[in-house]
Amino acid sequence: MKSSLELRKLCLRTFKGGMRGHLPSALSLVDILFVLYSDCLKIDSKDPLSPDRDRLILSKGHGCIALYSALALFEFFPKETLDDFCEFHSPIGGHPERHSLPGIEASTGSLGHGLAFGTGIAYSSRISKLDFNVWVIVGDGELNEGSIWESAMSASHHKLSNLRVIVDSNGMQASGETSGIWDLSSLVDKWSSFGFETRVVNGHDISELRKEFCKNSVTGKPICYIAQTIKGYGFASLENNAKWHHKSSVSEEEMIEVEKSLRNA
Amino acid sequence: MRNAALKTVENMVKSSDRACFIGSDLGFGTLQNLRDTHPERVLMEGIAEQQIIGFSAGISASGYFPIVHTIATFLTRRSFEQIAMDFSLQNLSGMLLGAGGGMVYAPLGPTHQAIDDFALMSSIPNLKVYAPADPIEIENLMLQSFERNELSYFRIGRGGEPNITAEFEIIGNGAVKYKTNGDTFTLITTGTLLHEALEAFTALAESGLKGSLIHIPLLNHESDTELRKLIADTENVFVFEEHIPIGGLFSHLANGIFKFIHSSITLHFSLPHQYAKNYGSQSAHRALNNIDAVGIYNTVKGVLTNAG
């Protein structure tokens, strides 16, 4: 039986593969990705390029440890691949690259790109007459990028009701709390005023995510979920710990401390 | 030339279900009839270059062929990273049509003067950089690029250019065009500057100086071998371009062929590496920088006379 706890453990395994990466930025996504791949996305790991598949675009590409781990958990590729994270010949690096492995839909890393890309794919369903949804996950720090709001205006204008934006609202970015960098409150007001059907969800409540993610747009507008999350969630020593935003070297002692701090619930 | 480009877009959209057009607030009535007949594949988007490039890359990832059109400076400068990361890095195809190439928009000032578009676009892997000289050429090159499913950038000229490229000999796959009446010199140019170069070339011939004229409408062409043969026996090679001195036609030639040819004296004339301090017309800026017909004529004549 797959679980978000297993996915969280796989994230740690991936991180240990390269002994580097944006682990806390990935951990805030774990429950969201688990629900998407287990319950919501219409995509077959054995036919990952089917034209009418749902697409998931991780615009906050630095959270890729969670994406790789989720794809491995849901059998898009073997879990052993995770052990090569960031190795020279590995297909999985510090930011995702489109089609480097099945299920990776976009090359992201430079923030503010994935939503525009997603609007184009969502719009294309209008030409192809294929029925699919496009899910784009953005970070709350990423909302600093002006291109995000260009995309929001376009999605709203075109009434892309098959577009679902998830804001991973963990309240942190590289330099600390997002509110201390640029205070963007209220996100609900902002996305609503840009023409989105906006819903606030607990990004770590599996049953709530299942319920909310499975609802279609009731207004014909694109949907934005403000997912309230905790950066580093699931490992107490990483939670809201700004020093862990990105690590390029980790001591053995630090790693042991992280592993011990795993919450088993 | 812009009318020919838009007419070609119309033909592409009408003849292929893959072709989609994405404009950025292009002005009242632009392609309105086509928008009426093909509303789902002909879009007039807002003033948001980053968005329209990322959006178009998404269209391309879905199996369609986006043709994006706006003013060249906004296309190449504002959305540079989107072209590089969303299109090129992801191996996606599409066509970027930049209006106002070179100093076409001289009176509008440096924000609108596309003097660095070759350099910016040439730095992006997998992207073909085209600078056609006349309406027939842009139509042919656009259709070929579409057929080859390339990622491409087209520098579009002012408009009203007469068709002159048909009288040139085609070298290789058509990315190089050639005209000769002697072997004293070789002029090499690209884009609509070919019109100035041809006028100078004709006047030079009338004055008794016979040479060759090469037009290279695809900067990153694959005809280096043929080009090397064409200029191998010429002592004096002149390169003229309506672009800053680095990253354009001369840089491509330097990388592609000049390093293999040691016998030639090569001179390069371009716009300066700075933003223009004057307005006026495209013609005035070409004259100021000696890349108009008179400037080209005087430069070649002067060098060859002194050399002789």
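Only one of the listed residues (B:Leu92, B:Leu96) is in a strand (DSSP E or B) and more than 18 Å from A:Ser151 (Cα to Cα). That residue is B:Leu96. If you filter the range B:46-79 down to residues that are away from chain A (no Cβ under 11 Å) and in a helix (DSSP H, G or I), you find that the one that is nearest to B:Asn126 (Cα to Cα) is B:Thr76. Within this structure, B:Met95 fails the test of being over 20 Å from the mean Cα position of the chain (by Cα) and either free of Cβ contacts under 8 Å to residues at least 12 places away in the same chain or more than 10 Å from chain A (Cβ to nearest Cβ) (or both).
Selection of the range B:138-175 for residues being within 14 Å of B:Lys128 (Cβ to Cβ), modelled with pLDDT of 90 or more and hydrophobic (A, V, I, L, M, F, W, C) yields B:Ile138, B:Leu141, B:Met142, B:Leu143, B:Phe146, B:Leu151, B:Phe154. Scanning the range B:196-228 for residues that are open to solvent by 40 Å² or more (accessible area, probe 1.4 Å), at pLDDT 95 or above and outside any loop (DSSP other than H, G, I, E, B) yields B:Glu199, B:Thr202, B:Glu206. If I filter the range A:110-130 down to residues being at the interface with chain B (Cβ under 8 Å from one of its Cβ atoms) and part of a loop (DSSP other than H, G, I, E, B), which single residue comes out as most open to solvent (accessible area, probe 1.4 Å)? Here the answer is A:Ser110. Based on what the data block shows, is A:Lys46 out of contact with any Ser or Thr (no Cβ under 6 Å at 6 or more places or on another chain), of a type in the set (Lys, Arg), more than 27 Å from A:Tyr123 (Cβ to Cβ) and more than 14 Å from every other protein chain (Cβ to nearest Cβ)? It is true that A:Lys46 is out of contact with any Ser or Thr (no Cβ under 6 Å at 6 or more places or on another chain), of a type in the set (Lys, Arg), more than 27 Å from A:Tyr123 (Cβ to Cβ) and more than 14 Å from every other protein chain (Cβ to nearest Cβ). Only a single item in (1) open to solvent by less than 50 Å² (accessible area, probe 1.4 Å); (2) acidic (Asp, Glu); (3) away from chain B (no Cβ under 14 Å) is not met by A:Glu150, and it is number (3). Restricting attention to the range A:45-67, the residues that are free of Cβ contacts under 8 Å to residues at least 60 places away in the same chain and either touching a helix residue (DSSP H, G or I) at 6+ places or on another chain (Cβ under 6 Å) or among the basic types (Lys, Arg) (or both) add up to 3.
Report yes if some residue within the range B:257-264 is under 26 Å from B:Pro125 (Cα atoms) and within 21 Å of the chain's Cα centre (by Cα); otherwise report no. Within the range B:257-264, one or more residues are under 26 Å from B:Pro125 (Cα atoms) and within 21 Å of the chain's Cα centre (by Cα).
Of the helices (runs of 4 or more DSSP H) entirely within the range A:4-69, those holding at least 2 residues that are open to solvent by 10 Å² or more (accessible area, probe 1.4 Å) occupy A:4-18.
The values are calculated or read from the model by the stated rules, or taken from the named source; none is laboratory data. Note that the coordinates shown come from a computational prediction; the quantities given were computed from them, not determined experimentally. FYI the Cβ positions are ideal-geometry reconstructions off the backbone, even for glycines, and counts take in every protein chain you see. Ligands, DNA and RNA are excluded from the accessible area calculation, which covers all protein heavy atoms including side chains. Shrake-Rupley method; radii C 1.70, N 1.55, O 1.52, S 1.80 Å.
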